[in-house]
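Notes follow the structure.
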Amino acid sequence: MAVMSPTQRSLAVLRERYPLVQVVERYIPQARKRIDLYGIADILCVSESEIVAVQTTSASNVSKRIAKITESAALPILRKAGIRVLVHGWRKNAKGRWTLREVDLS
């Protein structure tokens, strides 16, 4: 069984909710660095009624991601445009199952 990343787990959940789901994080090989959309989003979701930007991480890093997004100059613009901003934090529960903590920063 392949090990799934937080992004892969979030994609599985989001594809059940939205008709259009796309990874928008880019990898820059020369810098060996990942670049998020607007510095805050790994995944973009679109339905007929909403657009959602999602940052995904491990549960232990949720507070760091919230701080990063809250400090971003992009957040007020995205909010004003009506784009929802979510943080997905993944952890294993006592039974060894992955659980999602979803924080809405909209």
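Reported count of residues in the stretch 82-106, each being in contact (Cβ under 8 Å) with a residue 24 or more places away in the chain, open to solvent by 40 Å² or more (accessible area, probe 1.4 Å) and under 22 Å from GLU50 (Cβ atoms), is 5. Can you name the residue in the stretch 60-73 that is touching a Leu at 6+ places or on another chain (Cβ under 9 Å) and of a type in the set (A, V, I, L, M, F, W, C) and, of all such residues, is most open to solvent (accessible area, probe 1.4 Å)? The extreme case among them is ILE66.
With respect to the conditions (1) hydroxyl-bearing (Ser, Thr, Tyr); (2) within 11 Å of the chain's Cα centre (by Cα); (3) open to solvent by 40 Å² or more (accessible area, probe 1.4 Å), THR57 falls short on a single one, namely (3). Out of the stretch 16-52, which residues are surrounded by fewer than 19 Cβ atoms within 10 Å (Cβ to Cβ), under 13 Å from the mean Cα position of the chain (by Cα) and over 22 Å from ALA73 (Cα atoms)? GLN22 - this is the single residue of the stretch 16-52 that is surrounded by fewer than 19 Cβ atoms within 10 Å (Cβ to Cβ), under 13 Å from the mean Cα position of the chain (by Cα) and over 22 Å from ALA73 (Cα atoms). Per the listing SER63, SER72, SER49, SER58, the residue uniquely in contact with a strand residue (DSSP E or B) (Cβ under 8 Å, 6 or more places away or on another chain) and of a type in the set (Gly, Ala, Ser) is SER58.
Residues checked against (1) closer than 21 Å to VAL3 by Cα; (2) at pLDDT below 95; (3) basic (Lys, Arg):
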position: PRO29; (1), (2), (3): no, yes, no
position: ASP36; (1), (2), (3): no, yes, no
position: ILE43; (1), (2), (3): yes, no, no
position: ILE51; (1), (2), (3): no, no, no
position: THR56; (1), (2), (3): yes, no, no
position: GLY82; (1), (2), (3): no, no, no
position: LEU86; (1), (2), (3): no, no, no
position: ARG101; (1), (2), (3): yes, no, yes
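Scanning the stretch 86-106 for residues that are under 28 Å from ALA74 (Cβ atoms) and not β-branched (Val, Ile, Thr) gives LEU86, HIS88, GLY89, TRP90, ARG91, LEU100, ARG101, GLU102, ASP104, LEU105, SER106.
The values are calculated or read from the model by the stated rules, or taken from the named source; none is laboratory data. Model, not experiment: these values are computed from the prediction. Positions of Cβ are generated from backbone atoms using ideal geometry, with glycine treated the same way; all protein chains shown enter the neighbour counts. Accessible surface areas use protein heavy atoms only, side chains included; no ligands, DNA or RNA. Shrake-Rupley method; radii C 1.70, N 1.55, O 1.52, S 1.80 Å.
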